[in-house]
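The values are calculated or read from the model by the stated rules, or taken from the named source; none is laboratory data. Remember, predicted model here, so these are calculated numbers, not experimental data. As a convention, Cβ positions derive from the backbone with ideal geometry for all residues, glycine included, and neighbour counts pool all protein chains shown.
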């Protein structure tokens, strides 16, 4: 996939975790960044808060340079109107994120804590 318009979009908040795992395993930095709102915040790397898509892109470029293989399972989201709490379980860990429904009905993350057990 060369452009964000060709990528699957999160029709449900639970789709975000699944799409993240697929895109990370494919080395698709732009696909990962496309899962976030423009001003989103990401608690990564550990002990740092990364804000905005440009900064998130830089962190994921570094992360994917190590060619990680992820296998996580998205959990059911907890929804309240246009907000949802999402999570994904990985071996030895779990994530927690806040997603927001977009005007077109799709979902994007606004807050991402990729390691709640560290």
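Conditions: (1) surrounded by fewer than 20 Cβ atoms within 10 Å (Cβ to Cβ); (2) more than 24 Å from residue 81 (Cβ to Cβ); (3) modelled with pLDDT of 95 or more; (4) touching a strand residue (DSSP E or B) at 6+ places or on another chain (Cβ under 9 Å). Residue 21 meets all but one. Number of the miss?
(3)
Looking only at residues in segment 27-44 that are more than 10 Å from the chain's Cα centre (by Cα) and either in a helix (DSSP H, G or I) or at pLDDT below 95 (or both), which one is surrounded by the fewest Cβ atoms within 10 Å (Cβ to Cβ)?
Per the criteria, the residue is 30.
Could you grab me the full set of residues in segment 74-92 that are at pLDDT 90 or above and surrounded by fewer than 17 Cβ atoms within 10 Å (Cβ to Cβ)?
Across segment 74-92, the qualifying residues are 75, 76, 78, 79, 80, 81, 82, 83, 85, 89.
Looking at segment 45-66, can you tell me whether even one residue there is more than 13 Å from the chain's Cα centre (by Cα), in a loop (DSSP other than H, G, I, E, B), crowded, with 16+ Cβ neighbours inside 10 Å and at pLDDT below 95?
Checked against the condition, which is being more than 13 Å from the chain's Cα centre (by Cα), in a loop (DSSP other than H, G, I, E, B), crowded, with 16+ Cβ neighbours inside 10 Å and at pLDDT below 95, segment 45-66 yields no hits at all.
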